[in-house]
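Nothing in this text is a laboratory measurement; each read-out follows from the coordinates by a stated rule. Because the structure is a prediction, the values reported are computed rather than measured.
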Amino acid sequence: MQGETIYIPKQKKEYKHWGSLSGGRQWLDRRNAAISHAFKNNSSVGQLAKDYFLSIETIKKIVYSENKSSERH
């Protein structure tokens with residue numbers, strides 16, 4: 001293929017998930033676990049939104065998805 005560009009995709013095993021190299025995913029997982037823990041210990045959604053500088057809807061997604069995933073295990 002003289003003079004042409006060839007695209008050779010990486011093998012699936014070489015793909016990295018978002019944040020796996022930078023540590024961003026682990027940071028978010030720890031933050032979300034802390035939010036879920038605080039919610040279980042009677043912190044309100046509104047207070048958590050203020051404390052973590054997140055929207056109320058984002059806090060709801062975190063605490064309710066954490067509750068569903070922990071109920072499955």
**Asked** Any idea what diffusion coefficient the chain gets from Stokes-Einstein, in µm²/s, Kirkwood Rh on alpha carbon pairs, 4 °C, 1.567 mPa s?
**Response** 86 µm²/s
**Message:** Within the chain, count lysine pairs with alpha carbon atoms under 17 angstrom apart where the residues are 8 or more positions apart or belong to different chains.
**Reply:** 7
**Message:** Given contacts defined as C-alpha pairs under 8 Å and at least six residues apart, what's the relative contact order of the chain, whole-number percent?
**Reply:** 22 percent
**Fill in**
Asserting the computed 222 nm helical MRE of the chain (DSSP H runs at least 4 long, -39500 (n - 2.57) per run, divided by residue count, to nearest 500) equals -18500 deg cm²/dmol
